[in-house]
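Asker: Pasting a structure here, questions to come.
The values are calculated or read from the model by the stated rules, or taken from the named source; none is laboratory data. As the structure is a prediction and not an experimental result, all values here were calculated from the model. Methodologically, a virtual Cβ is constructed for each residue, glycine included, from the backbone with ideal geometry; neighbour enumeration extends over all protein chains shown. Areas reflect the complete protein model, heavy atoms only, side chains present, ligands, DNA and RNA absent. Shrake-Rupley method; radii C 1.70, N 1.55, O 1.52, S 1.80 Å.
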Amino acid sequence: MNCAVIQFAGSGGDGDCYHVCKNILGQPVEYIFHKETFAAQDFDLIILPGGASHGDYLRPGALAARSKVIKSVIDAANAGKYILGIGNGFQILLEAGLLPGTMLINKDLKFYSDDVFVRVENNATPFTNLYKNGEVIRLTVACKYGNYYADKKTMEQLKTQNKIVLTYCDINGNAAEASNPLGSMENIAAIANQEGNILGLMPHSERCAEEILGNTDGIRMFQSILQYVEGGKIHDCSRRS
Amino acid sequence: MFLARVFTFPRTGVLDPQGSAIKATVSNIGFKDIQDIQTGKYYEVRINACDVAKAKEIMKELCEKVLVNPVVEDYKFEIMEV
Amino acid sequence: MFLARVFTFPRTGVLDPQGSAIKATVSNIGFKDIQDIQTGKYYEVRINACDVAKAKEIMKELCEKVLVNPVVEDYKFEIMEV
Amino acid sequence: MTAREEAKKLGLTDLEFDEILKILGREPNYLELSLYSVMWSEHCSYKNSKPVLKRFPTQGPQVLQGPGENAGIVDIGDNLAVAMKVESHNHPSAVDPYQGAATGAGGMIRDIFTMGARPIALLNSLRFGCLCDDRTQYLFEEAVAGIGDYGNAMGIPTVGGEVYFDDSYKENPLVNAMCVGIIKHDKIVRGKAAGVGNSVMVVGAATGRDGMHGASFASGELSDDNPDQGSPMQVGDPFKEKQLMEACLELLQNDWVVGVQDMGAAGVVSSTCETAARAGSGIELDVALVTQRDKDMKPHEIMISESQERMLVIVEKGHEDDVKKIFKKWDLDAVKFGTVTDDGMLRILENGKVVGEVPAASLAEGVPIVKRESKRPIYMDKLQIDFLKIPVTDDLNEVLFKLLDSPNIASKAIVYRQFDQTIGTNTVVAPGSDAAVIRIKGTKKGIAVSVDGNGYYCYLDPYEGGKQIVAEAARNLVASGAKPLALTDGLNFGNPEKPEVYYQFEKCVDGISEVSKKLNIPVISGNVSFYNEGKFSAVYPTPIVGMVGVLDDVNKHCTMNFKKQGDLVVLLGE
Ligand SMILES: Nc1ncnc2c1ncn2[C@@H]1O[C@H](COP(=O)(O)OP(=O)(O)O)[C@@H](O)[C@H]1O
């Protein structure tokens, strides 16, 4: 699986995503600087990392979504490549119009950094197929604008099309108010686009991928994509022969 | 040269967590006559343009492409020559 | 009932990192005629008061005690009856 | 106004003015006086503390860089080293807690990447008045948000710190930040302006009028009539600093870089005279070439401005365009505005015309050292009590609840939850434990870091208090499985002109020295902040110690929670 990690101006989680692809998944990975473009066919997975692109000035992700590289990201998305936006990367996807909705400031107006439980709502995506539906996993959030908001119509669509992928919950999987620390609508932690090849998630799966860091619940997200992509390739080959 | 003053504010029905928090604080510290506070952003933009009409056109584009997030924000602007 | 519209903006000489970053981005994406962008905050406050003078007084206190950080911000407000 | 009167207005004493006359052999002009005024302030010159700081043990085979540079550096083996330093931003934080704390963190981070090290962890040490006070609540919340927003936007995890509340800090809160970076031995860069003819450049943000005379402001007590409080507050720009950090770390890979220095307090003047003094050289510069944010800036304003997110870079002649190219990639300015000379002078030009000229070393090191009187405070005798005479209540449960309810003992999660603790994917042990543990990617190693202080102990007995905090920091590291290597200190005290305060200062330093010698944990960097007083009170003597230790196998770290039922619980020590 060929991976790309976009480096927006001010990205902070780019190194973390690169590390996971290269050292944990053992896959080829390249950085792409925000002033560059790339060809969709060169990559299978494109990661928009977390951090605070452009200092989160204006609105988180707003200025990064206007960088030169975004055109390539959109082309890749249209070509059916897998796009994963984590944290600030999710916000950039929202600002770029690749996913619906937006992020408001957290409900207590403060940066929030802690482990949270999320429930897998839909494992029929390239990003979650190694999880079970309804499974509760532990991930780390770290953001000030993670309070997902969408208008009524969008929310209906997300629900009817089953595009809500992860929701905040308590350890037993219940979506209580207290287990929704950022105030997200419908406890949303991650959503996918209609076609299912773009995922935006607020918690940082890339930081929960190693035993030494005390949590490996996140690595399965990357393994899911790997399996999906590699599986697809084998499938392609067999068709060609 | 023209100066545009842009205000953005939460669209009707959209939550304004800052506004509610400030409102709660000011009630607590004794501002009994404050009914409601809404928060938004304010921009002053200086534009090189030949006339007001052109400046308006530029500002409309700037607001829609960059300054405003239409999912949650409405906006207004005023333009004056400076 | 009165409506006050409050604008805050950076005091002269105080850095406006947001404004500069937005300005840099809009130049990059082709807004050649934008000379300068300054950012501030905008508040709409609804006040119960018997007359404009009283509303003004309340607003002045609210701005100085809560809404504005005088170390880095200046402010203006307008009041209208609603 | 005579030059002497002007000097007085700028905070220089008669003795210092006489010294300037002696150095120059003539009367200084206003620009030159301004330079001496900021460089000879306590904040920049350490004139009140230098002789005492000499008592610290600063050597050891593990020390690669001791005090005197932007940060200290200690060897952790495998050609790797750790850079670290503590710095205070107390006075700015009392005026604008958000920006004061943010720019404090920013300055600290610059000190680390200036040396060529990549910052991998932040810590902080905070002291505020009682939380029942509205103003304190505001200061506390804003300072925490300010530090948090800056570090979070920089993408550097905050892994530890401490917070105490006590009335003695009500008027003058303490905000100290600590940064830790990682570097290869052969990539260490020092702040030296060496090599006649080499180019002196300013990189990063444009220069504005912000924080004028901030350094001398930090060296006076907080009061309403301090005129410097009227100058524009420094505002932090973490986005620009992040770009600056990446640009500098890229720049420092090149061997044509001669020296780099952070432009912190007293910006251009401190960075130029200090780098020149360290190399025994001089610098000739033209202020008109410095990129300016504000209109009509005067030469002295450009020289002493404290605009943030700027650095001084000295490169071999002919490499100016290489520097520009790197900085352009990160959307930053880089301009050559001076040249290294061999005459030891800091020569300031404006559009080619000389407007000031003083020996660089006299600014950096020439301040007349002040001999302060030191006197044991009387309160110390009154405070000694017999512990056996303290009555024991029947209901110890209630006492326990009371203790747990105290903000000083309660969990600090409301604070560190506002800090990104895990970005960088190295945080093995996050805040909430004795020390934080960070793994070093590409090796089996880890480091443990902790920051500790105890104003109460130091107030009761400055010497014993000083000893305690080093011991506590060392215990924290050892309990996490690390071998302590070195420490950095932040010395926060009241007005040193008061003999009782000076006594506290001296004794704390002696206590710290004593234990760091015994445990072989040398002091490799630090910071002194005096005049932490308000109208009504002075802060407790509050030295803090940041310590770093190494774990050869990071898997063998230890955390403090009970692991399983039936495990033995043993009390070690007396
Ligand atoms: N209390 C101290 N203990 C040890 N070293 C100190 C102490 N205070 C200052 N230093 C050293 O003196 C030098 C100058 O410190 P400082 O002026 O705080 O740095 P900066 O130039 O970043 O403001 C640094 O190398 C610092 O490590």
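Asker: Give the relative contact order (percent, whole number) for chain B; include only Cα pairs under 8 Å separated by 6+ residues.
Answerer: Result for chain B is 54 percent.
Asker: Hey, another quick one. Can you list, shortest first in nanometers, how far B:THR12 lies from the same residue in the other copies, with each label 7 Å from Cα toward Cβ?
Answerer: 4.2
Asker: Under a Cβ-Cβ cut-off of 9 Å, what is the net charge of the residues other than A:ARG138 that fall near it, where Lys and Arg count +1 and Asp and Glu count -1?
Answerer: Combined, the nearby Lys, Arg, Asp and Glu give -2.
Asker: Quick one: label points 7 angstrom along Cα→Cβ at C:GLU81, distances to the other copies in nm, smallest first?
Answerer: 3.5
Asker: If you don't mind, another one. In this model, which of D:LYS242/D:LYS441; D:LYS22/D:LYS50; D:LYS240/D:LYS325 are farther than 19 Å apart at the alpha-carbon?
Answerer: Checking Cα-Cα distances, D:LYS242/D:LYS441; D:LYS22/D:LYS50 exceed 19 Å.
Asker: Still on this structure: Would you list which lysines come within 18 Å of D:LYS298, measuring only between C-alpha atoms, while excluding same-chain residues fewer than 8 positions from it?
Answerer: D:LYS353
Asker: In whole Å, largest first, what are the principal axis extents of the Cα atoms in chain B?
Answerer: The principal-axis extents, from largest down, are 50, 28, 14 Å.
Asker: Next question. Quick one: with label points 7 Å out along Cα→Cβ, list the inter-copy distances for C:ASP51 in nm, shortest first?
Answerer: 4.5
Asker: Go through the range A:118-133 residue by residue and turn each phi into a ³J(HN,Hα) via Karplus (6.51, -1.76, 1.60, θ = phi - 60°); whole Hz please, and just put x for glycine and proline.
Answerer: Once rounded to whole Hz, the list reads 10, 10, 7, 8, 8, 9, 8, 10, x, 8, 10, 5, 8, 9, 9, 4.
Asker: Give the C-D buried accessible area in Å², both sides summed, 1.4 Å probe, nearest 100.
Answerer: Summed over both sides, the interface buries about 900 Å².
Asker: Leaving out ligands, DNA and RNA, and with a 1.4 Å probe, what % of the accessible surface on the protein assembly as shown is carbon or sulfur?
Answerer: For the protein assembly as shown, the apolar C and S fraction of the accessible surface comes to 51 percent.
Asker: Per 10 Å bin, what is the whole-percent P(r) computed from every C-alpha pair distance within the protein assembly as shown?
Answerer: For the protein assembly as shown, the binned pair fractions read 2, 11, 20, 24, 21, 14, 6, 1, 0, 0 percent.
Asker: Just in the range A:134-241: which GluC sites (Glu not before Pro) are loop by DSSP and have at most 12 other Cβ atoms within 10 Å?
Answerer: A:GLU195
Asker: Return the Rg/Rh value of chain D, two decimal places, where both radii are evaluated on C-alpha atoms and Rh is the Kirkwood radius.
Answerer: 0.97
Asker: How far, in whole Å, is the closest Cβ of chain B from the axis that maps B onto C, and which residue does it belong to?
Answerer: Value returned for chain B: B:TYR42, 2.
Asker: Another question, then. In the structure shown, do any of A:LYS68/B:LYS76; D:LYS371/D:LYS518; A:LYS35/D:LYS328 have a Cα-Cα gap over 19 Å, and if so which?
Answerer: A:LYS68/B:LYS76; D:LYS371/D:LYS518
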